[in-house]
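Participant: Below is a structure I'd like to ask you about.
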Amino acid sequence: EALAKVQITDLAQRKPNELSGGQQQRVALARTLVVEPSCVLLDEPLANLDAKLRRDMRMEIRSICKNAGLTAVYVTHDRQEALSMADRLAVLNHGRVLQIGSPRDIYSRPQSTFVASFIGEANFFPGTLVSSDSTTTTVETPAGRLCATTAPPEAKRGDEVTVCLRPEVLQITEAGSHVTNGNAIQARLLTSAYLGELAEHEVIAGNDLKLRIFELNPRQSLSPEALLSLTVAPQDVILLTH
């Protein structure tokens, strides 16, 4: 029954050295399922597999645990594994829990610079809180004034904060474009790398502020030193105090 759950009944008579890495992981899961646990600890189970097999196996493990009704505590340093597999995610540093929440909350609303950088790529730069009300918080930054929809609860006017922008939230528009709904940043292109499904750009904005941008589905090549207008929605501006 356990072999059937992990879909390897046809491999029952094989020796361990006749199994691939992914098949061995399925055997390990089957041995766990045999004792019918209510909770299972998976400590970096995919660490020794190649990248493609890790991608395939992480959804297989999630599916197997869901179908078996298992609560799984999954330990990993791979952020994509954590984000794609978890219902509830905890970020630890030196044994201390820094934040617990859904993968979407942890990624889009980190509570510290450590969590923000650990769970994904990020641009960090300083800002000073200018004003804040129930809907909008304004900060002065090296890239100009930016508006955010949320602010740290303890922050007040005049406080120094750290602004966090994910590279994918910065949208490239035509230089000089007028922005009616969002924040505008004027920048100059430094470097650009085409990676197929995305392009990775490095720009300089404001007072020598370097930013990384991930452009999804790039349709045109950008010339070095090109002047760019960047936009970012207020809900994508993350403000941190530590």
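The values are calculated or read from the model by the stated rules, or taken from the named source; none is laboratory data. Everything numeric here is computed off the predicted structure, so don't read it as measured data. Glycine gets a Cβ as well: all are built from the backbone with ideal geometry, and neighbour counts include every protein chain shown. Ligands, DNA and RNA are excluded from the accessible area calculation, which covers all protein heavy atoms including side chains. Shrake-Rupley method; radii C 1.70, N 1.55, O 1.52, S 1.80 Å.
Participant: Quote to one decimal, in nm, the extra length available between S134 and S221 on full extension: 0.36 nm per residue of separation minus the C-alpha distance between them.
Facilitator: 27.2 nm
Participant: Something else about it: Which of [x] 55; [y] 69; [z] 47 is the computed percent of Cα pairs over 25 Å apart for the structure on display?
Facilitator: Checking each listed value against the structure points to [x].
Participant: Taking only Cα atoms, what is the 0 to 90° angle, nearest 10, from helix 21-34's long axis to the longest principal axis of the chain?
Facilitator: With both axes taken from Cα atoms, the answer is about 70 degrees.
Participant: Let me ask something else about it. List the lysines whose Cα sits under 30 Å from the Cα of K210, skipping any in the same chain fewer than 8 residues away.
Facilitator: Correct list for K210: K156.
Participant: Here is a further query. Collect residues whose amide H, placed 1.01 Å from N in the peptide plane, falls under 5 Å from the amide H of Y74; neighbours closer than 5 in sequence don't count.
Facilitator: The answer is L42.
Participant: Can you give me the accessible area per residue for the chain, using a 1.4 Å probe, in Å²?
Facilitator: Averaged over the residues of the chain, the accessible area is 59 Å².
Participant: Only Cα pairs under 8 Å and at least 6 apart count here; give the relative contact order of region 97-240 as a rounded whole percent.
Facilitator: Relative CO of region 97-240 lands at 27 percent.
Participant: Let me ask you something else. How much of the accessible area of the chain, probe 1.4 Å, is carbon plus sulfur, in whole percent?
Facilitator: Taking all protein chains in place, the chain shows 48 percent carbon and sulfur surface.
Participant: Tell me, what is the FRET efficiency for Q13 and S117 to the nearest 0.05, using R0 = 41 angstrom and their Cβ-Cβ distance as r?
Facilitator: Given R0 = 41 Å and the Cβ-Cβ separation, E is 0.25.
Participant: State, as an integer percentage, the relative contact order of the chain based on alpha-carbon contacts under 8 Å between residues 6 or more apart.
Facilitator: Once normalised by length, the contact order is 15 percent.
Participant: Roughly speaking, what is the stretch gain from S84 to T71, that is 0.36 nm per residue apart minus the C-alpha to C-alpha distance, in nm to one decimal?
Facilitator: Extending this stretch completely gives an extra 3.1 nm.
Participant: Can you give the accessible area of L216 in Å² (nearest 10), computed on protein heavy atoms with a 1.4 Å probe?
Facilitator: Counting only protein heavy atoms, L216 exposes about 120 Å² to solvent.
Participant: For the chain, what does the helix formula give at 222 nm: sum of -39500 (n - 2.57) over DSSP H segments with n ≥ 4, over the residue count, nearest 500 deg cm²/dmol?
Facilitator: So the helix-based figure for the chain works out to -6500 deg cm²/dmol.
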